[in-house]
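A quick write-up on the structure given underneath.
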Amino acid sequence: MLEERLNSTQVMMPGSSQAVEVDEVEDLAQLEEVCESSVLLNLKKRFHRDSIYTYIGNMLLSINPFKLLSIYTEDLRQQYQGKEKHNNAPHIYAIADAAFCQSQNSTQEHCIIISGQSGSGKTEAAKLIVHYLNRKLKEISPSHQPMDVLPILESFGNAKTILNNNSSRFGKYLHIHILHGVVVGTSLSKYLLEKSRIVFQAKEERNYHVFYELLAGMNEWDKQDIYLQGAETYFYLNQGRACEIQGKHDKQDFLLLVHCLETIGLHADQLATIWAILSSILQLGNICFSSYEVESFEVARIFSEAEARRVGNLLQVSAEALQTVITHRVTETTYDRIYCPLSVESAIESRDAIAKTLYSVLFDWILERINDWLIPTEMDSTVGIVDIYGFEDLSVNSFEQLCINFANEQLQQFVNKALVAQEQEEYSAEQIQWYPIVLEDSNGCLDLISARPYGILRILDDQTCLPQATDHTFLQKCHYHHGNSPYYTKPKIPLPVFTIYHYAGAVTYQVHNFLNKNHDQFRPEVLELFARSRLQMVSGLFRKVQERHIQQKELGRARGYRSQMTTVAGHFQQSLLELTTRLERCKTTFIRCFKPNYVKLPGIFDVDYMATQLRHGGILETIHIRKEGFPIRIPFALFMERYGVLLAQRSETQSCEEQVVTLLETVGAEEGQYQLGLTKVQ
């Protein structure tokens, strides 16, 4: 075990038979010897005294302490404001301030990319950056603060998973807009909301927080008006057997959510409609079916009409029409509509699809309201924050995990390339000879997943659009095209799974429901039903979706990829391409988040668990890049200022080179870098 090879102060170095002392450093590029053990020992020593932040040059490593720390005070914020990074201990405030200052000194957009496994603290890191920059907003516009919308995003976009009690189930790009050096507003872009969570949760998981907050926080009279009971009574909420989270106060969080929704300008009627939509989703989940035989076919009928009638009352639509679209597939011909009865299994899928449609349409509308409230009329610079889902390997991995891990694979490749490019740029500017380190290329895995024409997601799109295709035919095509790939393994016995070897390890995916989950087509009859609602907000929402759906289909046909434009995988790949294209235009800073242990408890530094994350994140390679030539990056003006002080105090017997060596020693340079300092001065 790696844990056994570490002690409190010593570590075995590569090529050495003796343990040596390891001094704690704030920047891992300053380690005398770089190996896995020395890095882990340094991080462990810092973690146990609550120093959760460590640098690798401009990259910040952050370890989730799983407890509250008093390191985010107003006094500390002021200590970092406008200061050079090396003047203070490593901190996320230093990264936030540097990004802000660089955005003011360049026309190039600056972006902070936060990555790491699920539960490593990415969302909290994003909130801390927003909180730091938010203080600049109060100086000019105290009424429209981005912190006011974060509880809304958490309620509607976060959920309890096996790995994390507050996991963000959608990717977001937060844009901080700045005018004349002052934050004037923000805006948000989202990527792949996890819709399947609305209708299914694994053991020990929950649906989105907002459902439980609504049931815990709304008063009993209002709950009766919209047919609400306890969370345990709803199939869409109780599957994980985890309706409560220790330490989370759903009732208080609901009151905060209402306050924030009112803050962004939603009035009472709109709030009432939001609660009605959420209640309708829960009612849909409790609709049960029985089967009966029609012309030798088993078809579905709704066992009790009570839930459908409640949905009809809540959303002001025809309950009879709702039951029809749940239990029938509608096919439109030139002259008529043909109603085909569904089997019980298909009716359940139809019911769940309607629930997912309601939630996703509501989520998009709320995001639009947030952006309308936050986006300023003028700006001259922007700081972006990318907070995207962490790599996942659960007990059951499905289509969502494949998309999430594909996004992480793409992001990791971008980080690797950007780090090398940034080093090349700085070394060229300093006229220092550059010997690039070749990092492991993940193109092979990315091509396996997404390359045309036979990447896994491409095969999935093709199969999704074939009427006779099934999850089994999709799996067989994957086996056929990728059975010999080093990044892909098919099971030794005939199971409905395949395994992909990602940069962060092997993950086995179960293909059940892949095709169904990949359908992103809003059924026209469902859109039409809710567009006829007598509630103005509901009808308006679905009319917009109808218009957008028609435009998207026409655009897809015009571009020649009709099927890809109407699937979740196609839409997600396009969104991810747009994100990476935008990031390539930005000046990027990286925050890498880590989980110190799997059990989410404070004070435990699991060395083996941390070592795995270090390997997956390419941390050792990053340190080696920094150490190759110039790990001490003090600004030239500051260097010369210190040199002038030293010159005034110098001994007459000291040569110029001896003075520079003395100066480099005072700023922590290592022997191998003295010549670089001398070259710069000369």
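The values are calculated or read from the model by the stated rules, or taken from the named source; none is laboratory data. These numbers come from a predicted model, not from an experiment. Note: ideal-geometry Cβ built from the backbone for every residue, glycine included; neighbour counts use all protein chains shown.
Residues that are among the hydroxyl-bearing types (Ser, Thr, Tyr) and either more than 30 Å from VAL361 (Cβ to Cβ) or touching a Gly at 6+ places or on another chain (Cβ under 8 Å) (or both): find the helices (runs of 4 or more DSSP H) completely inside segment 449-529 holding 2 or more of those.
471-482
Based on this model, can you work out whether ILE326 counts as part of a helix (DSSP H, G or I), touching a Ser or Thr at 6+ places or on another chain (Cβ under 7 Å) and aliphatic (A, V, I, L, M)?
For ILE326, the condition - part of a helix (DSSP H, G or I), touching a Ser or Thr at 6+ places or on another chain (Cβ under 7 Å) and aliphatic (A, V, I, L, M) - is met.
Somewhere in segment 82-105, is a residue in a helix (DSSP H, G or I), touching a Pro at 6+ places or on another chain (Cβ under 6 Å) and touching a residue at least 40 places away in the same chain (Cβ under 8 Å)?
For segment 82-105, residues in a helix (DSSP H, G or I), touching a Pro at 6+ places or on another chain (Cβ under 6 Å) and touching a residue at least 40 places away in the same chain (Cβ under 8 Å): absent.
Restricting the search to segment 118-151, which residues are among the aliphatic types (A, V, I, L, M) and either over 30 Å from ASP393 (Cβ atoms) or modelled with pLDDT under 80 (or both)?
Passing the criteria: LEU133, LEU137, ILE140, MET147, VAL149.
For segment 325-336: of the residues being free of Cβ contacts under 8 Å to residues at least 24 places away in the same chain and loosely packed, with under 15 Cβ neighbours inside 10 Å, which is nearest to the chain's Cα centre (by Cα)?
THR331
State whether the residues of segment 165-187 include one that is under 22 Å from the mean Cα position of the chain (by Cα) and in a helix (DSSP H, G or I).
no
Can you tell me which residues in segment 154-188 are within 17 Å of ILE375 (Cβ to Cβ) and touching a helix residue (DSSP H, G or I) at 6+ places or on another chain (Cβ under 8 Å)?
LYS172, TYR173, LEU174, ILE176, ILE178, VAL182, VAL183, VAL184, GLY185, THR186, SER187, LEU188
Check segment 239-258 and report whether any residue there is touching a Pro at 6+ places or on another chain (Cβ under 8 Å) and within 28 Å of GLN316 (Cβ to Cβ).
Yes: one or more hits.
How many residues does segment 195-214 hold that are charged (D, E, K, R) and assigned to a loop (DSSP other than H, G, I, E, B)?
Result for segment 195-214: 4.
Among the residues of segment 377-384, is any buried (at least 18 other Cβ atoms within 10 Å of the Cβ) and more than 19 Å from the chain's Cα centre (by Cα)?
yes
Out of (1) loosely packed, with under 15 Cβ neighbours inside 10 Å; (2) on the phi < 0 side of the Ramachandran plot; (3) not in a helix (DSSP H, G or I), the odd one out for GLY240 is which?
(1)
For segment 274-320: of the residues being surrounded by fewer than 22 Cβ atoms within 10 Å (Cβ to Cβ) and hydroxyl-bearing (Ser, Thr, Tyr), which is modelled with the lowest pLDDT?
SER296
Tell me, yes or no, whether segment 419-432 has at least one residue that is closer than 24 Å to LYS172 by Cβ, in a helix (DSSP H, G or I) and either modelled with pLDDT of 80 or more or in contact with a His (Cβ under 7 Å, 6 or more places away or on another chain) (or both).
The answer is no; no qualifying residue exists.
Does VAL39 qualify as being crowded, with 21+ Cβ neighbours inside 10 Å and either closer than 30 Å to GLY505 by Cα or of a type in the set (S, T, N, Q) (or both)?
Yes, satisfied.
I'm checking my understanding of the structure. Among residues of segment 247-302 that are of a type in the set (D, E, K, R) and outside any strand (DSSP E or B), which one is farthest from ALA216 (Cα to Cα)?
GLU295
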